[in-house]
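Below is one structure; the comments refer to it alone.
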Amino acid sequence: MYVCGPTVYGLLHIGNARTFLIWDVFRRFLQQLGFEVQFVQNFTDIDDKIIARAHTEGVTPRELAEKYTQEYFTDMDALGVQRATEYPRATDTVPQMIEHIKGLIDKNLAYAVGGDVYFRVAGFSEYGKLSGRGGEDNEAGARVEVDLRKHDPADFALWKAAKQDEPFWESPWGPGRPGWHIECSAMVRRILGDTIDIHAGGKDLKFPHHENEIAQSEGLTGKPFARVWMHTGFLNMGSEKMSKSLGNIRTAREVIATFGAQPLRYFMLQTLYRSDLDFTEEAIRGAASGLAKWRENLARIEAASHAEREKDAPEAEVLEKSVTQGFEEALCQDFNTASALAHLHSMTNNLRRLTQEPQPLAYSLRPAVTRIRELAQTVLGLDLSPPAVEVSPLGDHSTALLEILIEARAAAKAQKNWSLADTIRDRLTGIQIRLIDQKDGTTAWEPINDVNQT
């Protein structure tokens, strides 16, 4: 499995983070099913943007790329993304890129012009089979060069002649550096071979990057490049895709510091991977509150289930198997993490109802609770373990502060600011405080600690 990694010239934004988190979970699920996964993710560490940023910061492109590569690991570790099997860097694979380009020239699928080398799109008859878009859709910008020396405007760069004050490598066509697209093809082939099982990335890479990867890889080898292609949807701010070029980004580090890594993971897994997702602070807060309620419910079920698991209690085993079966079936249907979460929530609710039966159960619910936690942790990367410390909502000043929040919520409701009123209520719920609405307003509250709370 190969995932297109980041171009390391700045801190990761949460749109990028969504892509890497999704493929982390997909890899975990394959392992849950029993597959041994060789997971490779690259770093693009030479690029126009890296060079420009390095000039601005007064460092070398290599120093800048190494700095933000380490920053990437810091953010992904915080988010719970497991390390890949291997992280190739583009600059470590230049000799293989040169050999790849030479092979394309020998097959008349590429040509050199004044130190540059271009892929001949018209020479690859299947161009567009992934995206449904042809070479005429290539436009200037976004790493597509305007060059009147091209045989066709759709042709894309495999090798770029060296420019002043830029890093370069020696090649048969003179000093220069690789084009963006050839980097992934060469890294895939060096580590995983001519054909791989799964190639993944964000949907913005489908065209032209992945289309070009197919052309230059299959054009050389004559073999299928990837058996399965998968793409994540955008993470939007409002109605626009989040991107550094648009300047509407929230860094992963900022969001994790403000809301926590677990709520961010939970928020991102509530939507099908290939669908677009709108980011709002309210949604992250809701995710934090939802996780807190879920942990609390599982802890209550566990506390209420006193019976030990007996060999002659098949009901306990049936429940445990139902947790696993429904979870795996949901993920086997187009890797639907939203459905998988819904199943685990449904099983949690079923277990809660069983604790409320008038007669004590003859079997334990704890194996099913344990399985819910195991699947959430090992596959989804969500920690549903009970709180390590029982935190009381009361303290030296907490009662006075709570009264201030109740007054603020009442004022918000009087002004019909329902969003703020709901946010105050949900945040308090997240720290195990329930507000009691009465006819004359909210005048009472209570800690959430009763077993029957749903």
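Here are some notes:
- Dipole of region 68-118, positive end: most advanced residue of Leu109, Pro88, Met76 [Cβ charges, Cα centre]: Leu109
- Given R0 = 60 Å, the distance between the Cβ atoms of Gln356 and Lys67 translates into a calculated FRET efficiency of 0.60.
- By the compact-protein rule of thumb, 2.2 N^0.38 Å, the alpha-carbon radius of gyration of the chain corresponds to a ratio of 1.19.
- Modelled spin labels at Ser125 and Lys416, positioned 7 Å past Cα toward Cβ, are 6.7 nm from each other.
- For the chain, the longest principal axis of the Cα atoms and the long axis of helix 14-32 meet at an angle of about 80 degrees.
- Relative to the longest principal axis of the Cα atoms of the chain, helix 418-430 runs at roughly 80 degrees.
- Sequence-distant residues sharing a close amide H with Arg434 (under 5 Å, placed H): Glu446, Ile448
- Taking all protein chains into account, the per residue accessible area for region 41-135 stands at 44 Å² (1.4 Å probe).
- Contact order for region 160-219, expressed relative to its length and based on alpha carbon pairs under 8 Å spaced 6+ residues apart, stands at 28 percent.
- The chain: calculated mean residue ellipticity at 222 nm from DSSP helix runs of at least 4, using -39500 (n - 2.57): -15000 deg cm²/dmol
- Rounded to the nearest 10 degrees, the inclination of helix 94-106 to the longest alpha-carbon principal axis of the chain is 50 degrees.
- Sulfur and carbon atoms: percent of accessible area, the chain [1.4 Å]: 50
- Protein heavy-atom accessible surface, 1.4 Å probe, per residue over region 206-296: 38 Å².
- Ratio of the Cα radius of gyration of region 102-219 to 2.2 N^0.38 Å, where N counts its residues: 1.03
The values are calculated or read from the model by the stated rules, or taken from the named source; none is laboratory data. These numbers were taken from a predicted model, which means no experiment stands behind them. Note that each Cβ is placed from the backbone with ideal geometry, even for glycine, and that neighbours are counted across all protein chains shown. The area values use the complete protein model at the heavy-atom level, side chains included, leaving out ligands, DNA and RNA. Shrake-Rupley method; radii C 1.70, N 1.55, O 1.52, S 1.80 Å.
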